[in-house]
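What follows is calculated from the coordinates using simple rules that are stated; it is not laboratory data. All of these numbers come straight from a predicted model, not from anything done at the bench. Here the Cβ is made from the backbone with ideal geometry for all residues, glycine too, and neighbour counts use every protein chain on show.
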C-alpha cells in the first residue's frame, strides 16, 4: 500500500478541489492510502468516505503570502507541515500540496530532508512539447543560484526521473544555453558542458536553446533555478497571453468570428490542451528522501488526480530509493 | 539628411528583401539617404534607382555560420564590415544588417565603438504586449554575463530609448526577477534592485516576473544577457509552437475546422499580429556611438522598412547624442 500525505488546505480551490481529486484517485487506484491534513468539517463536506482515507484534523494552515521559512518554523501544526512530518516519521511515503510553493520547498528541505550527496534538490516539471511527449526541466526555481556541480546533479536527477517515472529508455539530456555551439555560454554553462560531456552515464546531447524546447529537442533540460524560473514563466505567460488575445478577438469579432470559433472548437481545444501539462502532474522537489510534489495553486480536481497518479508512479518505480542508492555509490566512490 | 549604411547581403532573403525594403523607405521618407553595401549586380536587380541610394560594391560577405570576431577581423571587405566602417568614418550615421548577429555585435563594438562610460552595450528590442504598446527589454544576449552595474546602465539606456524613440514620457523600469517581492533573487538581482531604487532619475517600479511581461507591467525591462536571451527565445518558441500546433490541427480537422478558420480569419490574424513585433523594428545594440541595428535573419521587405523607420526615429531624436551627453556628465561627476 502506498501512503500519500496530502495538505487539504493548500491552493486557491482548497479543500474542495483537493478532496474531490482524492475521491477520484481512491476510486481509480486500489493500492493507495491517503492521509488528508486540514479542517475536518470542511473536508468531510466533500469526501466520499473510504477506509483508505484518513483525516488528520488541524486548524492551522500556511497562507499563500506567508514568508516560507518563517511559516514552517512557526506554524508547527499547519496542514502542510504535518503532512511533511508524517513522511519524516515514516507514516507516509510522499507529500502533496497545492499551497505556498516556497513553504513547501522549505518543508521539503527542512522536514523531509535531502538525499545524502544531493547538494541542492531541484524543482522538476514535465512541460509540453508539440508531439505531446513532453520534457522534464530542472531547476525551475528552488534555488536562486546554482553552480556547475549542481547542474551536473540535475542532469543525473532528471535522467532518473525521465527513465523511471516517464519510461524513457535513454533520456537525452540538453543544457539550456544561449546558443547550440559547444563554446557558448557564461562560465557556469561552459563548466557544466564539460562535466556533462565527461559523464558517460548520461546521454548528453549538448547545448539547446529555449526557442526549441517545445520541439522536443531533449527529454531532460538542465538549467539553474533563476533561468529555469524565468523560462517557465515566459512559456506560461506567452501561452496565456495568446489565449487571452484570441478570446478577446473572437468576442469583438461579431457573429462570423463566433461561428468560426464554434466550428473550430476541437482545433482550439487541441491547441489549449497542447499547452496544458496538468496530465503530467505537479512539480517535484527532486533530490529529497521522499517525493514532495507541488500542484499548481489553481489546481482543480483533475490536476490533483493526475498529481496523485504521478506520485503513485514515483512510489511504484521507487525512483527516490534508486536515487539514494546511486548517490551513496557516488559518495563511496569519492571516499 | 540622415545617412544609413545597409548591409545588403545579410539575412536569409538578401539581397532581395533588403533592397525592396530600401525602395519602400526611400519613397516614404524624403529625409534619408541610403548606402547599400554588397554585390552591385544582384542589388541592381531589385533596386528602384534613386539619387538618394548609392551602391558600394563588394564581393565579400559574412556568412551566418562564420565565427563572429574572426569574421570581422579577417573579412575586412565584407558588406557588413564596410557598412560599420562607413559609420566610424563619418560617412554614415547608422548601420543596419539582417546578417550574422554575433558578427554585427562584434562590428558594433570594435568598429563603431562604445560610448565613453557605457561598460557593456546591451541588445534592446521592443517586444509585444497584449495592449499593443510593447515594452523594451535589454540585454537580450549581447553579453553572456553581466554585473549589477551593467544592469543599472541598462535601466538608463532603456529609459532613454523608450522616452526618445517610443515617446513614453516617464518610462516604468522593471527588474526581471524570480518573484515580485523586494527581497527576491540572486545576489546580482539584489544588488541591482538597490542601485535602481537609489537612482532618482529612473521611474523604477520594482521586480517583475516573466509571466507578466506581455501584460505590460513595465515599459523597460532590465535583465542580464543570459536570462534575456533565454526569455526572448522562450517567448518566440512558445508563440511559434502554438501557431504551428493550431495550423496542424486545422489541417487535420476536416472541412468543419477549415470553414471555421476561414470565418475566424481576422481573429487569427489579430492573434498572429499581436505576436509579431516587426513594426517596432530590429534589435539595437544600444550604448554604441551610433545606431547599430539588427533586423531578424528572416526579415522580409516590410521588416526592413520598419527597421529603417526605427533608425530614422533614432537619428531624428538624436537619442545616441543625448546618451553620449548623459554619460559624459556622469563621468565628470565621478571625477
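Where both bridge residues fall in the protein assembly as shown, DSSP classifies roughly 25% of the beta bridges as antiparallel. Shortest first, residue A:244 label-point distances to identical copies amount to 2.5 nm, with the label point at 7 Å from Cα along Cα→Cβ. A simple spin-label model places pseudo-atoms 7 Å from Cα toward Cβ; at residue A:149 and residue B:1 they are separated by 6.4 nm.
Across every pair of non-identical alpha carbons in the stretch B:126-278, the mean reciprocal distance, once inverted, gives a Kirkwood radius of 16.8 Å. Apply the Debye scattering formula to the protein assembly as shown, with a single equal point scatterer on each alpha-carbon and no solvent, then give log10 I(q)/I(0) at q = 0.06, 0.07 Å⁻¹. The computed values of log10 I(q)/I(0) come out as -0.38, -0.51.
Note on residue B:40/residue A:322: beta-carbon distance plugged into 1/(1 + (r/R0)^6) with R0 of 56 Å gives a FRET efficiency of 0.25. Hey, what D do you get for the stretch A:105-182 in µm²/s if you plug the Kirkwood alpha-carbon radius into Stokes-Einstein at 4 °C and 1.567 mPa s? The Stokes-Einstein estimate is 94 µm²/s.
Between the C-alpha center of the stretch B:244-267 and that of the stretch A:24-39 there is a gap of 42 Å.
The rule of thumb for compact globular proteins, 2.2 N^0.38 Å, goes into the C-alpha radius of gyration of the stretch B:85-140 1.36 times. Across all Cα pairs in chain A, the calculated P(r) in 20 Å bins from zero up to the longest distance comes to 31, 55, 14, 0 percent per bin.
Residues considered: A:245, A:40, A:322. Largest GNM mean-square fluctuation over chain A, using C-alpha springs under 10 Å, is found at A:245. Descending by average beta-carbon neighbour count within 10 Å, the peptides B:7-18, A:229-240 line up as B:7-18, A:229-240, the highest first.
Go ahead and run the numbers for FRET between residue A:190 and residue A:52, Cβ-Cβ distance against an R0 of 60 Å, rounding to 0.05. The formula returns an efficiency of 0.70 here.
With label points set 7 Å from Cα along Cα→Cβ, the inter-copy distances at residue A:190 are 2.7 nm, sorted shortest first. Once you have the Kirkwood Rh of the stretch B:159-233 from its Cα pairs, apply Stokes-Einstein at 10 °C and 1.306 mPa s and quote D in µm²/s. Here the translational diffusion coefficient equals 125 µm²/s. Here the stretch A:212-335 is treated as a sphere whose radius is the Kirkwood value from Cα pairs; by Stokes-Einstein at 20 °C and 1.002 mPa s it diffuses with a coefficient of 119 µm²/s.
Remark: mean inter-chain Cβ contacts per residue of B:245-251 equal 6, using a 10 Å Cβ-Cβ cutoff to other protein chain atoms. For the peptides A:138-147, A:25-34, the ranking by mean Cβ contacts within 10 Å, running from highest to lowest, is A:138-147, A:25-34.
When chain B is treated as a GNM with alpha-carbon contacts under 10 Å, the residue of B:251, B:163, B:294 showing the greatest mean-square fluctuation is B:251. What is the percent of Cα-Cα separations in the stretch B:42-198 that go past 28 Å? Beyond 28 Å sits 37 percent of the P(r) for the stretch B:42-198. For the stretch A:126-278, DSSP calls about 15 percent of its internal beta bridges antiparallel. Of all the options A:42, A:61, A:265, the one that moves most in a Gaussian network model of chain A with Cα springs shorter than 10 angstrom is A:265. Taking 0.36 nm per residue of sequence separation and removing the Cα-Cα distance, the residue B:243/residue B:197 pair yields an extension gain of 12.6 nm. When only alpha carbons are used to place a centre, the stretch A:80-141 and the stretch B:191-214 end up 30 Å from one another.
Taking the label point 7 Å along Cα→Cβ, residue B:279 and its counterparts in the other copies are spaced 3.7 nm apart, in ascending order.
Across peptide B:173-185, the mean count of Cβ atoms from other chains lying within 10 Å of each residue's own Cβ comes to 3.
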